[in-house]
Structure formats: C-alpha cells, structure tokens
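See structure below.
Only the coordinates and a few stated rules stand behind these numbers; no lab work does. It should be emphasised that the depicted structure is a prediction, and the values quoted were computed from it without experimental measurement. With ideal geometry, Cβ positions are generated from the backbone for all residues, glycine too; neighbour counts draw on all protein chains shown.
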Amino acid sequence: MFDWFFTLLQPLEYVVATIMVAWHTVLTAIGMPTDSGWTWALSIVGLVVVIRILLIPLFVRQIRASRAMQLIQPEIKRIQDKYKGKTDPASRQAMTQETMALYKERGTNPFSSCLPILLQSPIFFALFRVLNGIPHGQTVGPLNAELVQSADQATILGAPLSATFVNAPNVATKVVTVILIILMSLTTFTTQRQLMTKNMPASALDNPFARQQKMLMYVLPLIFAVSGVNFPIGVLIYWLTTNLWSMGQQFYVIRRMPAPGSPAEKALLERRREKAARRGGAEPAAAEAAEPGVPEVPRSGQRQQPKRQNRTKRGSSRAPAPTASKRPGEGSARPGKSR
C-alpha cells in the first residue's frame, strides 16, 4: 500500500546513510572505536547537525511566521466578527479574500510555521527505515554489509541502537528507551513553551490560535511519548538531538529578534540600557544602533525621549535688554511738569 512512499524515500535513505558513514569515518579516524555504540550515536548527532544547518533559513522563517501569526490574530478576529452570521457564498468569499490579503500584507500564512517540520519528516522516516533495516542486514549505499554488522552489534549502556522498547532484547534497552522518550518529550514541551511565553506579547495570547498552540504544547509531548515505544534508539537519539538544536537556535533568534511588546523584547531593551550605562551613559537609542544584526521593528508602547524645550516663558521671544545706568537728573519726568 505504501510502496510508492518507500520508493520516494530511497534517495533520502541513500543521503542519510552517506552522511552517517561520513561522520563514522571521521570519528574513527580521530581514535573512536569502530564498533562502539557511542561512535554510531555521534554519527547520528552529526547527521542532525548537517540537516539543521541546511534548514537554518527555514527555521528563521518559521519563527517569524509563527510570531506574525500570533500578532495578527486580533485583526483576523475583527474580520471574522465582521462577517459573523453571514453564511451566503459572497460573504464567505469576501472574508476569505480579506484574510488572505492580510496574510500577504504581513508576509505570513498558517503553513509557514509548519514548513521546517514538514521538510524534516521525510528525513525522519528515511532514518527510521535505515535503522530498521540494520537487524535484517539491509545495506544502503555506502552503508555496506561490514558497516551494517558493526552498527547492529553497537550498543549504548547495553542497548542496541536498532532496538525498540516493544522489541527490547533486555532490560537495559527498555531503561535507555524510556529515558530517551522522557527527554524527547520534555525538550518538545520546553521548546514550544519558550516560544509561547518569551516571544509573544500578552495581547497576542488571548485568541483561538494562541489557545490552540497552548493545547499542542501539552498534546505533542504525549503523542511522542506514546509513539516513542515503537522508535529505534537511534531514531530517538536523532529526535532528541533535533529538539536540543531547535531549543538553542530558537533561544538565539528570540534573544536577538524578539516580537514587539514581548517579554523577550523588554529583556533586550534592558540589556541595551545596561550596555549603554557601562559605556558611559549613552542614550538607549545609541545602544540599539550599536548592536548589529537586529532589524528595526516598530515598538508599541515605547516611551519617547522628551525634547529639550526653551526655558524662556511663552510670549517673550528674547530676554529683556539690560538697563543702562542713569545719570543724575535724567530720571522720568514728574507728574504735572514737562521736561
């Protein structure tokens, strides 16, 4: 039934096996044992590094798209309220057109934030197929019979890399699998929570989209925990490493490019003020210009610096001229007498 899908995965399986073998060759060249489970585990980590470096532009786009989707929710709600109760085709089409125009204006759409995950899914399944084939002696490209046997015999703390919790050959495999599943679920939750709590203003968190994201924050770790019992240990290592990479990469992007009005932006402005103070009392605006790599975005609610005003009273254009010294007899004329 899924033969066509597996046929499409074959080129990716070849790429995955090539990258793993390349890292395995490098690691053994620097002195790590050829048949060690840690050598093969680090080869999987190297696979993650290569894939995630290639996906960096898409990851930054995902962060910006997710942030933009949160920020435009009040406007989307206004469009929905405008056509609330109108079920005729013309109204529904008009609402769709206005929503799509808003997406185009803000440079985002609901699918942009899912793009990196969708692109990683085939790689995930390709690695799953490669590792699942190791116990059966299946070779893929440069992963020849000798390397397949080496990977099949490789263990971490007594657990084979190709083993799963369901088909665990010993207790050590179950323990290692459970630890990896717990870590994978925790990192998934932490990564999503980091995006929700640090890079979103309070006004953007009170809408249906934000509530849906919050629900996924709790549901996704549970899904991974339940389905993880069927994943080989090597796949769990891949997914855990991917989560750790995403967490660190997301932390860096949020720290440097926070959403306007978010707690992350407030922390960024505070760091800039402290940096300006250490430089000798420079204005915060100067500190903002001094830090490269952060695009300028409009910030609502930011206090404008007061302009210095003229201290003279309104109505007097200039200071009064100094009074010349009077000579004796040159005072003002007395009343009733002419000079």
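Give me a comma-separated list of calculated 3J(HN,Hα) values for region 15-30, in order, Karplus coefficients 6.51, -1.76, 1.60 applied at θ = phi - 60°, integers in Hz, x for any Gly or Pro.
These are the phi-based 3J(HN,Hα) values: 5, 4, 5, 5, 5, 4, 5, 4, 5, 4, 5, 5, 5, 5, 5, 8 Hz.
Applying the Karplus parametrisation 6.51 cos²θ - 1.76 cosθ + 1.60 with θ = phi - 60° to the phi angles of region 240-257, what ³J(HN,Hα) value in whole Hz is obtained for each residue in order, glycine and proline being reported as x?
Rounded to whole hertz, the list is 5, 5, 4, 5, 5, 4, 4, 4, x, 5, 5, 4, 5, 5, 5, 5, 8, 10.
Would you pull out the residues with amide H under 5 Å of ILE156's amide H, same chain only if 5 or more places away, H placed 1.01 Å from N?
LEU161
Using a basic spin-label model with each label point 7 Å from the Cα along Cα→Cβ, how many nm lie between GLN80 and VAL175?
5.0 nm
So what are the ³J(HN,Hα) numbers for region 153-169, from phi and the Karplus equation (6.51, -1.76, 1.60; θ = phi - 60°), rounded to whole Hz, Gly and Pro as x?
8, 6, 9, 10, 6, x, 10, x, 5, 8, 7, 10, 5, 5, 10, 5, x
With r as the distance between the Cβ atoms of MET100 and LEU222 and R0 = 25 Å, compute the FRET efficiency 1/(1 + (r/R0)^6) and round to 0.05.
Working: r = 34 Å, r/R0 = 1.34.
The calculated FRET efficiency here is 0.15.
Where the centre of each part is set by its Cα atoms, how far does region 233-282 sit from region 39-83, in angstrom?
Cα centroid of region 233-282 versus Cα centroid of region 39-83: 15 Å apart.
Assuming R0 = 35 Å, can you tell me the calculated FRET efficiency for the pair TYR252 and TRP38, based on Cβ-Cβ distance, to the nearest 0.05?
In this case the efficiency is close to 0.80.
Please compute the Kirkwood hydrodynamic radius of region 18-85 from all pairs of different C-alpha atoms, in Å with one decimal.
Working: mean 1/r = 0.0647 Å⁻¹.
When all Cα pairs of region 18-85 are included, the Kirkwood radius is 15.5 Å.
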